Amino acid sequence: MDFKLNDEQRMLEETVGRLVRDTYTFDTRNKILESDQGFSADMWNQFAELGLLGVPFSEEAGGFNGGGPELMVVAEGFGRGLVVEPYLATVVLSGTLIDKLGNDAQKEQWVAAIIGGETRFALAAYEPQGRYDHTVVDTSAKKDGDGYVLSGEKAVVLHGDSADQLVVIARTAGNAGDRDGLSAFIVPADADGVTRKGYATIDGLRAAEITLSNVKVDGDALLGEEGQAIDALEATLDLALITLCAEASGAMEVACDQTLDYIKERQQFGVPIGKFQALQHRMVEMRMELEKVRSITMLAACSLDAPADLRKKRISAAKAQVGKSGRKVAEEAIQLFGGMGMMEETPVSHYAKRIVMIDHWFGDREYHLGVLETLIDVDDHAA
């Protein structure tokens, strides 16, 4: 399998790298976090102007026609800058699900609005009692004439407090835990009956608890066939996992670089502590953990067209590795920085928090190790 970037992917990498390097400084990010929305509308518009919001969509829709490798390139760059804009929530989670399930009219309306930066989405999939299980859905969608009435609660909806539209996963048949009977609906975030309780997460993002109380939507709010959303939802969540793993890779790279720079400068007994062999060994171990994550994420990103079980196996392996290696890098960075590594004014503390929290989005290490146990007999050479 060839992991080298082609010309278009290299251009995309340079575009993202230049954007983050030149405009997304640590101080800029801190100012963005202090805003009411928790992200920059101006920065979001820049993403749109550079075509970054169209990366996973087809050229016919005005997108980049990218896949896993292209999203990995973007996410790694965003990870290096700890970008807090709702790219994962709007483009990856909501946009790709709409693209997979929507009819031509829905795609023309909503995908174009996402690519142009005009509309921000959030995916309301998980529920309090389900933890990481996306099939444990009690939110109901009952037929009401030509439309539906939605009722239920959604937990930790990424950027759900600032989204213009919600993609809500609701049950039109079956019971919580059943794969069949799940449907996806586009719901205006300000619709009657929608209540949002927003909050900041410890890694600098925003999320919301969302309650739907007899929310009425028209029939054209349904994406795809009623009760048949599970395959598209799981494919979308897999793409989100790749995006998160790649973001972790970018953040881990910067954490390693900043730690190396620090131990070269900090002195003890009249010499930089970076000259101590024990600390050099620890830096090497941090780099090794980074390369483990980067390599297995590349494999996962190139496996989207593989058979479903093999795809899931490789993606869960990548996410589990991020949980282990990411924590190792974050903890080592904090320890080598000493007390400075715990201060809000020190960038590495923010990288450490984001790296550790990525483990908990969409299934932590233990969850994905459990997934791997169920897929242990899947032939890794099937692709």
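Within the set of other residues whose C-beta is less than 15 Å from the C-beta of Gly117, count the net charge using Lys and Arg as +1 and Asp and Glu as -1. So the surrounding residues net to -4. The overall shape of region 116-158, judged from the alpha-carbon gyration tensor, is oblate: a/c is not under 1.5, and a/b is no greater than b/c. Give me the net charge of Leu260's neighbourhood, meaning all other residues with Cβ under 12 Å from the Cβ of Leu260; Lys, Arg count +1, Asp, Glu -1. Residues near Leu260 contribute -1 overall. Net length available on complete extension from Glu366 to Asp133 is 82.6 nm, with 0.36 nm assigned per residue and the Cα-Cα distance removed. On C-alpha positions alone, give me the angle between the axis of helix 365-374 and the longest principal axis of the chain, in degrees, nearest 10. In the chain, helix 365-374 runs at an angle near 60 degrees to the longest axis.
Length gained on full extension, Met340 to Asn6, computed as 0.36 nm times the residue gap minus the Cα-Cα distance: 116.2 nm. Extending 7 Å from the Cα toward the beta-carbon at both Gln267 and Glu34 defines two label points whose distance is 3.4 nm.
Its residue count N sets the reference 2.2 N^0.38 Å, and the alpha-carbon radius of gyration of the chain equals 1.00 times that reference. Helix 277-301 and the longest principal axis of the C-alpha atoms of the chain enclose an angle of approximately 30°. In this Cβ point-charge picture (+1 for Lys and Arg, -1 for Asp and Glu), region 163-220 has a dipole of about 180 debye about its Cα centre.
Straight-line cross-link partners of Lys143 among the lysines, defined as a Cα under 18 Å from its Cα and at least 8 positions apart when in the same chain: Lys216.
Test of understanding: in a Gaussian network model of the chain with alpha carbons linked when under 10 Å, which of Glu373, Glu291, Glu345 would top the mean-square fluctuation ranking? Per the Cα network of the chain with a 10 Å cutoff, Glu373 tops the list. Dipole check for region 45-133: with +1 at the C-beta of Lys and Arg, -1 at the C-beta of Asp and Glu, and the Cα centre as origin, the magnitude is about 260 Debye. Here the sum of -39500 (n - 2.57) over DSSP H runs of 4 or more residues, divided by the residues of the chain, equals -14500 deg cm²/dmol at 222 nm, to the nearest 500. Remark: spin-label model distance Ala173-Arg287 equals 5.7 nm, labels positioned 7 Å along the Cα→Cβ axis.
Cβ-Cβ distance of Asp218 and Asn45, R₀ of 35 Å, FRET efficiency by 1/(1 + (r/R0)^6): the value works out to about 0.70.
Taking springs between alpha-carbon atoms closer than 10 angstrom, which of His159, His368, His281 fluctuates most in the Gaussian network model of the chain? Result for the chain, Cα springs under 10 Å: His281 fluctuates most.
Rounded to the nearest 0.05, what FRET efficiency is calculated for Ser140 and Ile376 with R0 set to 41 Å and r the Cβ-Cβ distance? After rounding, the FRET efficiency stands at 0.70. For region 166-215, just say rounded, prolate or oblate: build the C-alpha gyration tensor, square-root its eigenvalues into a ≥ b ≥ c, call rounded for a/c under 1.5, and beyond that prolate if a/b exceeds b/c, oblate if not. Taking the square roots of the gyration eigenvalues as a ≥ b ≥ c, region 166-215 is oblate. Taking each of Lys292/Lys313; Lys31/Lys154; Lys264/Lys328; Lys4/Lys292; Lys292/Lys312 in turn, the alpha-carbon distance tops 25 angstrom for Lys31/Lys154.
When the Cα gyration tensor is reduced to axis lengths a ≥ b ≥ c, the ratio a/c is 1.5 or higher for region 13-143, and with a/b not above b/c it is classed as oblate. In this label model, Gln280 and Lys197 are separated by 5.4 nm, measuring between points 7 Å along each Cα→Cβ vector. Most fluctuating residue of Leu310, Leu158, Leu93 in a GNM of the chain with Cα springs under 10 Å: which is it? Per the Cα network of the chain with a 10 Å cutoff, Leu310 tops the list. Dipole check for the chain: with +1 at the C-beta of Lys and Arg, -1 at the C-beta of Asp and Glu, and the Cα centre as origin, the magnitude is about 1360 Debye.
Each reported figure results from applying straightforward, stated rules to the coordinates on display, with no laboratory input. Since we're looking at a predicted model, the values are computed, not measured. Cβ: placed from backbone, ideal geometry, glycine included. Neighbour counts: every protein chain shown.
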